[in-house]
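Asker: Following this message is one structure expressed as structure tokens.
Read-outs throughout are calculated quantities, based only on the coordinates presented, and are distinct from any laboratory measurement. Please read all numbers here as calculations on a predicted model, not as lab measurements. Here the Cβ positions follow ideal geometry from the backbone for every residue, glycine too, while neighbour counts run over all protein chains shown.
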Amino acid sequence: MDHQDVLKANGFTASELSGGTLAVRSPIDGAEVARIAETPLESMDAVIARSQAAFKDWRTVPAPRRGELVRLLGEELRAAKDALGALVTLEAGKITSEGLGEVQEMIDICDFAVGLSRQLYGLTIASERPGHKMSETWHPMGPCGVISAFNFPVAVWSWNAALAIVCGNPVIWKPSEKTPLTALACQKIFEKAVARFGADAPEGLSQVVIGGAEIGNALVESKDVPILSATGSTRMGQIVGPKVAARWGRPILELGGNNAMIVAPSADLEMAVRAIVFSAVGTAGQRCTTLRRLIAHKSVKAELVAKLAKAYGTLPVGDPRKAGTLVGPLVDQASLKAMQTALSNARSEGGVVHGGEIVSGTVPGGAYVTPALVEMPGQTATVKTETFAPILYVMEYDTLEEAITLQNDVPQGLSSCIFTLNIREAETFLSASGSDCGIANVNIGPSGAEIGGAFGGEKETGGGRESGSDAWKGYMRRQTSTVNYSASLPLAQGVKFDI
Ligand code: NAD
């Protein structure tokens, strides 16, 4: 399908795609595919007011009924999967299976959230006072602002929106300025679900605002947006986090990663190689969970690097729409430049670079590169920095303690893993003195998380959790209630206050 066919399949009309101020380019060939309208900054108060009004209605709709809307959203996403997946490919440059996989992730979180809509459990707690009952209830919180990154242009919204909506909160989404069309397509899909759902879905339950940092900032600074989920670079989080905290909002920050794999002497190297290649070069190294650091035991490093170099040598780089392509383009030329700068810095720090060359003649206008494998003498400043491109730094270790220290000695704390068949090593890696990341895996790469688990990381990754497990609690407020059904008024802690 060419670009216009994909846009048409997603229900865009010619007038929606022209006449605006935001140019949308496809990473596939750098072509401008649309010029869309941006949300005027002065209309943000009205957007937020609409969301507040929607909240007043939506919080009174029973949670299982709210779940029904998310169930319908999941059905609409199933119907739209091929078209929306192709749009993710067009706008973010992901290969076809990864574009479709991202939409599948949206469907999965809808299923999860539907079940959750009947399980927003509180607690009953033993009271120390006779004739008293203590309990804990979870209530809707209010509008949830979602600021998202280009590299997961649709899944991140759904992780937040599916949970926020069953939890009783409206959503205002500011997508990356690089991927606004996927957001507008999702809004169309949401509206189809609302049309089937009926009148108890208030107007403004889900809104999309288009623009750059200043439009995001309007959500960040508004006291009427109590939850602000922001996914993107640590640089962005450093600005957004303190602003949300200063107005006593609740930030959910999902920021940069610098994910490592330790390969131990007992590792199944064939499995490790497959996991490394997928997690280091998938999405052209533009996942927050991309494998960026390989910490290999000195007894296996040479063999591992040789196997990887061989695998890297055969990787099909090119048009992400073409069957067989495994590595699509970088999002833009600026990304390519950042990759080249990182490789040049790594060289000056003693690194030996394999790959990382520009691939010309695939699709003109796109930023295509061969993934780079860089043998480093140690964990230098460049290795400690997240460069959003397919660069895998390889280092060696002697003792497991040394490997875990290296793994943890970076500012980011998103995802990590170890390949070992030794249970002592595996359990040490997962223990309190092991990996310091939000995600720690054994014999699985660091990327490609399932929605059932809570997703997020520590340190400069921001500390937020989204998606599965009890991440829903981040979208609700907790209320502790004590009811006295006795005829006396005993005080807690045995305090006497007789009047
Ligand atoms: P980015 O930080 O450039 O932009 C992300 C979003 O933040 C965009 O919507 C942008 O408009 C907005 N933004 C930027 N500055 C802002 C400000 N001052 N106020 C309000 N909004 C602002 O990130 P990107 O290049 O789109 O994405 C790549 C980065 O995202 C990488 O660092 C990657 O690791 C990270 N990421 C993290 C996760 C995660 O779950 N931890 C997931 C995906 C991407």
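Asker: Charges only on Cβ, +1 for Lys and Arg, -1 for Asp and Glu: so what's the dipole of region 259-442 about the Cα centre, in debye to the nearest 20?
Answerer: Dipole size: approximately 580 debye.
Asker: Another question, then. So what is the relative contact order for region 259-442, in percent, with contacts set as C-alpha pairs under 8 Å and at least six apart?
Answerer: In percent, rounded to a whole number, it is 28.
Asker: Cut-off is 10 Å between beta-carbons; in what order do 127, 335, 148 appear when sorted fewest neighbours first?
Answerer: 127, 335, 148
Asker: Okay, moving on. Going 7 Å from the Cα of residue 430 toward and past its Cβ, which residues in region 259-273 have a backbone nitrogen under 13 Å from where you end up?
Answerer: Backbone N within reach: none found.
Asker: In addition: Lysines within cross-link reach of residue 243: Cα-Cα under 29 Å, excluding same-chain residues under 8 positions apart?
Answerer: 56, 174, 178, 223, 384, 459, 473
Asker: To test your reading of the geometry: what angle, between 0 and 90 degrees and rounded to tens, separates the Cα axis of helix 155-166 from the longest principal axis of the chain?
Answerer: 10
Asker: Please report Rg over Rh for region 259-442, where both radii come from the alpha carbon positions and Rh follows the Kirkwood definition.
Answerer: Here Rg/Rh amounts to 0.96.
Asker: In what sequence do 12, 497, 278 fall when counting other Cβ within 10 Å, fewest first? Write down the numbers at each step before the final one.
Answerer: On the way: 12 20, 497 6, 278 15.
Placing the least packed residue first, the sequence is 497, 278, 12.
Asker: With label points built 7 Å along Cα→Cβ from the Cα atoms of residue 323 and residue 126, find their separation and express it in nm.
Answerer: For residue 323 paired with residue 126, the spin-label model returns 6.4 nm.
Asker: Using a cut-off of 13 Å between beta-carbons, work out the net charge of the residues near residue 485 (Lys and Arg +1, Asp and Glu -1, residue 485 not included). Could you put the intermediate results ahead of the total?
Answerer: Working: positive: 129, 133; negative: none.
Cβ neighbours under 13 Å give a net charge of +2.
Asker: Among the aspartates and glutamates, select those whose C-alpha is under 19 Å from the C-alpha of residue 301, and discard any that sit fewer than 8 residues away in the same chain.
Answerer: Those aspartates and glutamates meeting the cut-off are 268, 270, 375, 396, 398, 401, 402, 425.
Asker: Here's something else I'd like to know. Once you list every other residue whose beta carbon is under 12 Å from the beta carbon of residue 433, what net charge do they have if Lys and Arg are +1 and Asp and Glu are -1?
Answerer: -3
Asker: Quick query: amide H of residue 444 versus all other amide H atoms, modeled in the peptide plane; which residues come in under 5 Å with a sequence gap of 5 or more or a different chain?
Answerer: Here the answer is 418, since their amide H atoms fall under 5 Å of that of residue 444.
Asker: Fewest Cβ neighbours within 10 Å first, please rank 314, 461, 96 accordingly.
Answerer: Ascending Cβ contact count within 10 Å gives the list 314, 96, 461.
Asker: Give me a comma-separated list of calculated 3J(HN,Hα) values for region 238-253, in order, Karplus coefficients 6.51, -1.76, 1.60 applied at θ = phi - 60°, integers in Hz, x for any Gly or Pro.
Answerer: Going residue by residue, I get 5, 7, 6, x, x, 5, 5, 5, 5, 9, 6, x, 10, x, 10, 9 Hz, with x marking Gly and Pro.
Asker: List the aspartates and glutamates whose Cα sits under 19 Å from the Cα of residue 81, skipping any in the same chain fewer than 8 residues away.
Answerer: Straight-distance partners of residue 81: 2, 5, 91, 98, 102, 105, 108, 111, 191, 450.
Asker: Moving to a separate point now. How large is log10 of I(q)/I(0) for region 8-161 at q = 0.13, 0.14, 0.20 Å⁻¹ when the intensity is taken from the Debye formula with one equal scatterer per alpha-carbon?
Answerer: Values, matching the q order: -0.81, -0.91, -1.37.
Asker: Continuing with the same structure: Using the Karplus equation 6.51 cos²θ - 1.76 cosθ + 1.60 (θ = phi - 60°), what ³J(HN,Hα) coupling, rounded to whole Hz, does each residue of region 419-436 give in order, writing x for Gly and Pro?
Answerer: For region 419-436, the Karplus curve yields 9, 7, 10, 9, 5, 5, 5, 4, 5, 5, 4, 8, 7, 4, 9, x, 4, 9 Hz.
Asker: Would you mind getting me the FRET efficiency between residue 444 and residue 75? Use the beta-carbon distance for r and R0 = 35 Å, nearest 0.05.
Answerer: That pair, residue 444 with residue 75, gives E of 0.70.
Asker: Quick one: angle between helix 44-58 and the longest Cα principal axis of the chain, in degrees between 0 and 90, rounded to 10, please.
Answerer: Compared with the principal axis, the helix lies near 60 degrees.
Asker: Let me ask you something else. Cα-Cα pairs above 18 Å in region 237-289: how many percent? If you can, show how the numbers build up before the last one.
Answerer: Working: 746 of 1378 pairs.
Percent of Cα pairs beyond 18 Å in region 237-289: 54.
Asker: To continue, here is another question. Decide, for the chain, between rounded, prolate and oblate: order the square roots of the alpha carbon gyration tensor eigenvalues as a ≥ b ≥ c, take rounded if a/c falls under 1.5, and otherwise choose prolate if a/b is larger than b/c, else oblate.
Answerer: oblate
Asker: Can you list the GluC sites (Glu not before Pro) in region 373-474 that are in a DSSP coil and have 14 or fewer other beta carbons within 10 angstrom?
Answerer: Within region 373-474, the qualifying GluC sites (Glu not before Pro) (loop, at most 14 other Cβ atoms within 10 Å) are 450.
Asker: For region 77-176, take the alpha-carbon Rg, divide it by the Kirkwood Rh, and send me Rg/Rh.
Answerer: Working: Rg = 18.5 Å, Rh = 15.6 Å.
Using Cα coordinates only, the ratio equals 1.19.
Asker: Whole-Hz ³J(HN,Hα) for each residue in region 261-270, computed from phi via Karplus 6.51 cos²θ - 1.76 cosθ + 1.60 with θ = phi - 60°, x for glycine and proline: what do you get?
Answerer: Coupling constants for region 261-270: 10, 9, 10, 8, x, 8, 4, 6, 5, 5 Hz.
Asker: Note the angle between two axes, namely the Cα long axis of helix 96-116 and the longest principal axis of the Cα atoms of the chain, as a number of degrees from 0 to 90, rounded to the nearest 10.
Answerer: Approximately 20 degrees, to the nearest 10.
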